[in-house]
Amino acid sequence: MSSFNRRALLLGLTGLAGCGFQPVYAPGGPADGLRGRIEIAAPADEEGYALVERLEERLGLPQGADLGLTATIFIGEEEVGFLPDGTISRYNVSGRVDWRLTRLSDGTEVLSGSERSFTSYAATSTTVATIFARRDARRRLMVIIADRILQDIVLRADRL
């Protein structure tokens, strides 16, 4: 790294510090100590498993958890692409997850929200490939929504 690049980096970091920027996971940051504090309710289906897996990957497994997260998943599919013979060639998968974060000690709601997104997949000429594409699209959707839930929790971590 040249000295010019180092100076630009240091000046940029100084500018961020001056505007009140603070990394959320830094010591003393809003999300410091959040890892391992949230117990996520067991999944009921494949989509729920993908959601929980992503949240636990980012938040860590609960160790002495004092907060509990529950989520309700809603998923819909819409046909959006058609071939000249009328065969469906593409689907949009839309999803919404309503979530609640509560204190395990007394059940008081601390945070709640609703996140939504969509993804899509192509229907192919083989049934097996279409089934796998559909499952992958739903898994990707849950990863997107899990990341949004995590962002919401981290941004409001000072309330925990």
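Just so you know, all these numbers are worked out from the coordinates, no wet-lab data involved. Owing to the predicted nature of the structure, the values given are computational and were not obtained by experimental measurement. Every residue, glycine among them, receives a Cβ derived from its backbone with ideal geometry; neighbour counts consider all protein chains shown.
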Under Karplus coefficients 6.51, -1.76 and 1.60, residue-wise ³J(HN,Hα) of region 54-69 in Hz, glycine/proline x: 5, 5, 5, 4, 8, 9, x, 6, x, 9, x, 5, 10, 10, x, 10
Which FRET efficiency value, to the nearest 0.05, is calculated for residue 41 and residue 156 with the Förster distance at 22 angstrom and r the Cβ-Cβ distance? 0.65
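In a shell of Cβ-Cβ distance under 12 Å around residue 153, excluding residue 153 itself, what net charge do Lys and Arg (+1) and Asp and Glu (-1) give?
Surrounding charge for residue 153 is +3.
For a test of the definition: using alpha carbon positions, the gyration tensor, and the 1.5 limit on a/c, classify region 116-160 as rounded, prolate or oblate.
On the way: a/c = 7.90, a/b = 4.46, b/c = 1.77.
Prolate, since a/c reaches 1.5 and a/b exceeds b/c.
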If you take the beta carbon distance between residue 65 and residue 94 as r and set R0 to 25 Å, what does 1/(1 + (r/R0)^6) give as a FRET efficiency, to the nearest 0.05? 0.20
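How high is the FRET efficiency from residue 53 to residue 80, r the C-beta distance, R0 30 Å, rounded to 0.05? Please report the intermediate quantities before stating the final value.
On the way: r = 28 Å, r/R0 = 0.93.
Computed FRET efficiency for residue 53 and residue 80 comes out at 0.60.
First check a/c for region 23-84, with a ≥ b ≥ c the square roots of the eigenvalues of its C-alpha gyration tensor; if it is under 1.5, answer rounded, and if not, answer prolate when a/b is larger than b/c or oblate otherwise. Each step should come with its number before you reach the end.
Values: a/c = 3.80, a/b = 2.06, b/c = 1.84.
It is prolate, given that a/c is not under 1.5 and a/b is the larger ratio.
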